[in-house]
Amino acid sequence: MMRVPFAHPSDYATHAPEVVDHLRHRGLIAYPTETVYGFGCTLDPAALERLAALKSRAGTKPFLLLVLDRSQAVGLDWTEDARRLAEAFWPGPLTLALRALRPFPARVTGVDGTVAVRATPHPGVRALLERLGGPITSTSVNLPGEPPATDVDQVLRVAAAVGAGDDLWILDGGPLPPSPPSTIVDCSITPPRILRHGAITLEELRRVVDGIHGG
């Protein structure tokens, strides 16, 4: 495992090129977001399988995607409700489940044919996404039954426990403030429905799209 400083704008400028090169060569990363630390990779099938093995992830539970903006979420059904929610809350802790209009890897596609996407406001991750030109996966860094990691010591403990190897780079963004997870909204149906309550409340969502089901 390689530990990469990733807490300040100078770190992003210095290390983003090598981290993106690592990702393009099917590498895995553990990185900070505005909520918790996540494991991630590109949509390369081999990288996705190694990530699934790292998380002991069943095939029916897909990874969500982090994107810079809607331009990195092509091939998905952007309904009017989805567009309005993204315009109001992105970048931010809102994950949208959208129906796939073209094939996506099975590891990021739900059994209902949806792909979950979120635009993170974390400046370091946004620098990576802009340079990469495409999405990366996001799944929380934690052991089963434990809360997600919010600092690098916890990331290192989890990585060691799951047997992570040299292909995992840990981006050290320092300790993250306590934060609820992203709210997940299924926009493949009308009206949309909350799948997971989180940082953005039902009341806030209904100010943008009236009639959203609370789940």
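The values are calculated or read from the model by the stated rules, or taken from the named source; none is laboratory data. In this text the structure is predicted, and so the values were computed from the model without any measurement. Because the Cβ atoms are built from the backbone with ideal geometry, glycine has one as well, and the counts that use them run over all protein chains shown.
Give segment 108-133 a look and list any residue that's modelled with pLDDT of 95 or more, outside any strand (DSSP E or B) and either of a type in the set (A, V, I, L, M) or on the phi > 0 side of the Ramachandran plot (or both), or say none.
Residues satisfying the conditions are 108, 113, 125, 127, 128, 129, 132, 133.
Looking only at residues that are free of Cβ contacts under 8 Å to residues at least 12 places away in the same chain and over 23 Å from residue 154 (Cβ atoms) in segment 19-59, which one is surrounded by the fewest Cβ atoms within 10 Å (Cβ to Cβ)?
The extreme case among them is 58.
Tell me whether segment 179-191 contains one or more residues that are surrounded by fewer than 19 Cβ atoms within 10 Å (Cβ to Cβ), among the acidic types (Asp, Glu) and modelled with pLDDT of 95 or more.
Residues of segment 179-191 surrounded by fewer than 19 Cβ atoms within 10 Å (Cβ to Cβ): 179-181, 189-191.
Those still in the list that are among the acidic types (Asp, Glu) too: none.
No, that holds for no residue.
Scan segment 84-93 and tell me whether some residue there is on the phi < 0 side of the Ramachandran plot, in a strand (DSSP E or B) and surrounded by 14 or more Cβ atoms within 10 Å (Cβ to Cβ).
The answer is no, given that none of the residues of segment 84-93 is on the phi < 0 side of the Ramachandran plot, in a strand (DSSP E or B) and surrounded by 14 or more Cβ atoms within 10 Å (Cβ to Cβ).
Collect the residues in segment 17-36 that are outside any helix (DSSP H, G or I) and either more than 16 Å from the chain's Cα centre (by Cα) or modelled with pLDDT of 95 or more (or both), keeping them in residue-number order.
Across segment 17-36, the qualifying residues are 25, 26, 27, 28, 29, 30, 31, 32.
Going by what's in this entry, would residue 13 be described as out of contact with any Leu (no Cβ under 8 Å at 6 or more places or on another chain), free of Cβ contacts under 8 Å to residues at least 24 places away in the same chain and either crowded, with 22+ Cβ neighbours inside 10 Å or not in a loop (DSSP other than H, G, I, E, B) (or both)?
In short, no.
Rundown of residues vs (1) out of contact with any Pro (no Cβ under 8 Å at 6 or more places or on another chain); (2) assigned to a strand (DSSP E or B); (3) closer than 24 Å to residue 56 by Cα, yes/no style:
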| site | (1), (2), (3) |
| --- | --- |
| 144 | yes, no, yes |
| 147 | yes, no, yes |
| 150 | no, no, yes |
| 163 | yes, no, yes |
| 180 | no, no, yes |
| 190 | yes, no, no |
| 199 | no, no, no |
| 203 | yes, no, no |
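Would you please name the residue that is surrounded by the most Cβ atoms within 10 Å (Cβ to Cβ), looking only at residues in segment 195-212 that are within 14 Å of residue 94 (Cα to Cα) and among the small types (Gly, Ala, Ser)?
Per the criteria, the residue is 198.
Would you call residue 103 outside any strand (DSSP E or B) and either touching a residue at least 40 places away in the same chain (Cβ under 8 Å) or in contact with a Leu (Cβ under 7 Å, 6 or more places away or on another chain) (or both)? I'd like the intermediate steps shown before the answer.
Values: outside any strand (DSSP E or B): yes; either touching a residue at least 40 places away in the same chain (Cβ under 8 Å) or in contact with a Leu (Cβ under 7 Å, 6 or more places away or on another chain) (or both): no.
Considered against the rule, which asks whether it is outside any strand (DSSP E or B) and either touching a residue at least 40 places away in the same chain (Cβ under 8 Å) or in contact with a Leu (Cβ under 7 Å, 6 or more places away or on another chain) (or both), residue 103 comes out as no.
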